[in-house]
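K.L.:
Please find one structure pasted underneath; my questions will follow.
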Amino acid sequence: LLENLKDILEIEKFEVSMANNANEALTILRTVQPDLVVCDIMMPDMDGYTFYQRFRALGFKEVPFIFLSAKSDLTDIRNGMNLGVDDYLTKPVAAKDLIQAINIRLDRKYEATKSLNETISRFKKGFELATEHEFRTPMSGIVGFLESLKGSINKMDIESANRYVSLIEQSSERLFKMFNKLRIWNEINDSDLLVSQDSNTYNIKENIH
């Protein structure tokens, strides 16, 4: 069954990584970033429920996960869905039903990723516009107040001079806060927050016993 499903999915242009058991799948996950997992429940070394929990614990929080199992009782299906899996298919499964289930989950993932990236892009654009304004305003203030202070320092009383110094300090503090915001934004950018999306090719891990 595992080999047959691999052949079917590759005919459908999916890139398939195949594992004969859960431990082998965990080894593959060290080097493969799956877009979706299809997994059996009854396996010799680790059942599908345990593998699902191990898989999520590795950090694959948003990767669609489908159980494909001979356990077809309503209680078994409910147990699987209660864990949080995205779908539960029972053996024997028609190829078209498996492909449809996979495509539905990948399409939903793609749309969610697209929406997230659009939101981040809008935020980034708005941040850049706001940053440009926020930098220009205090910089203009500092330059303007310094020019006024330099031009009138010899005939300015101490109270007026202190007022200009205070205004320069306020503009400097505002500029310093903007530098801190910019630093935080750069840290977010460096954390690979944007999600990679590819509508043509998906890496699929097969763990079907």
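K.L.:
State to the nearest 20 debye the size of the charge dipole of segment 1-97 about its Cα centre, where the only charges are +1 on K and R beta carbons and -1 on D and E beta carbons.
P.N.:
That gives segment 1-97 a dipole magnitude of about 260 debye.
K.L.:
Greater than 22 Å separation of Cα atoms is the criterion. Which listed pairs, Lys61/Lys91; Lys61/Lys181; Lys61/Lys109; Lys71/Lys109; Lys13/Lys96, meet it?
P.N.:
Pairs exceeding the cut-off: Lys61/Lys91; Lys61/Lys181; Lys71/Lys109.
K.L.:
Where Rh is the Kirkwood radius over the Cα pairs of segment 70-115, the temperature 4 °C and the viscosity 1.567 mPa s, what D in µm²/s does Stokes-Einstein return?
P.N.:
109 µm²/s
K.L.:
I'm a student and want to see the number: the projected area of the Cα convex hull of segment 1-76, averaged over all directions, in nm².
P.N.:
The Cα convex hull of segment 1-76, projected and averaged over all directions, gives 5.5 nm².
K.L.:
How high is the FRET efficiency between Glu173 and Ser152 when r is their beta carbon distance and R₀ equals 35 Å, given to the nearest 0.05?
P.N.:
Approximately 0.90, to the nearest 0.05.
K.L.:
Between Leu2 and Ala70, with labels modelled 7 Å along Cα→Cβ, what's the label distance in nm to one decimal, could you check?
P.N.:
For Leu2 paired with Ala70, the spin-label model returns 1.5 nm.
K.L.:
If you don't mind, there's one more thing I want to ask. Taking amide H atoms as placed 1.01 Å from N in the peptide plane, list the residues 5 or more away in sequence, or in a different chain, whose amide H sits under 5 Å from that of Met18.
P.N.:
Long-range HN contacts for Met18: Glu206.
K.L.:
Using the charge dipole of segment 1-90 (Lys, Arg: +1 at Cβ; Asp, Glu: -1 at Cβ; taken about the Cα centre), state which of Ala19, Gln53, Val37 has its Cα farthest towards the positive end.
P.N.:
The residue sitting most towards the positive pole is Gln53.
K.L.:
Right, here's the next one. Suppose the chain between Tyr110 and Ile11 were pulled fully straight at 0.36 nm per residue; how much longer would it get relative to their current alpha carbon spacing?
P.N.:
Contour length minus the Cα-Cα distance gives 33.5 nm.
K.L.:
Tell me, how many Å apart are the Cα centres for segment 8-87 and for segment 149-181?
P.N.:
A separation of 63 Å, based on Cα centres.
Rule-based calculations on the coordinates, nothing more; no lab input. All figures in this text were calculated on a predicted structure; none of them were measured in a lab. Cβ coordinates were reconstructed from backbone atoms using ideal geometry, including for glycine residues, and neighbour counts include every protein chain displayed.
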